[in-house]
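Structure incoming, see below.
The values are calculated or read from the model by the stated rules, or taken from the named source; none is laboratory data. This one's a predicted model, so the numbers in the text were calculated from it and none came from an experiment. Virtual Cβ from ideal backbone geometry, glycine too; neighbours counted across all protein chains shown. Accessible surface is based on the protein model in full, side chains and every heavy atom, while ligands, DNA and RNA are left aside. Shrake-Rupley method; radii C 1.70, N 1.55, O 1.52, S 1.80 Å.
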Amino acid sequence: MAQAEAQANPDARVKFHYPWLKQDLGYIKLGIREHIETPRSEPRSFLPLKGDYRHY
């Protein structure tokens, strides 16, 4: 991801918001880790993901 971010065109009309993607990936990793380490039968709440990483 760092390579893609470094190669991104700064003058592009539509930009990709890499920090949001990094944050969402961190949330996903945390959710998977928590599920593996402490499985439960009850539903859990998770932080919402941004999901759209393009901005104009």
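Of all accessible surface on the chain at a 1.4 Å probe, what whole percent is carbon and sulfur?
The nonpolar share, carbon plus sulfur, comes to 57 percent.
Counting only helical runs of four or more DSSP H residues, what would the 222 nm mean residue ellipticity of the chain come to if each run contributes -39,500 (n - 2.57) and the total is spread over all its residues?
-14500 deg cm²/dmol
Just one of (i) 15.3, 49; (ii) 13.3, 47; (iii) 14.1, 54 is Rg and Dmax of the Cα atoms in Å as worked out from the coordinates here. Which one is it?
Structure-derived value, by its label: (i).
With a sphere of radius 14 Å drawn around the Cβ of residue 35, what net charge do the other residues whose Cβ falls strictly inside it have (Lys, Arg +1; Asp, Glu -1)?
Net charge in that neighbourhood comes out at +1.
Still on this model: Kindly report the accessible area of the chain per residue (heavy atoms of protein chains, probe 1.4 Å, no ligands, DNA or RNA), in Å². Kindly include the intermediate steps, with their values, before the conclusion.
Working: 4910 Å² over 56 residues.
That works out to 88 Å² for each residue.
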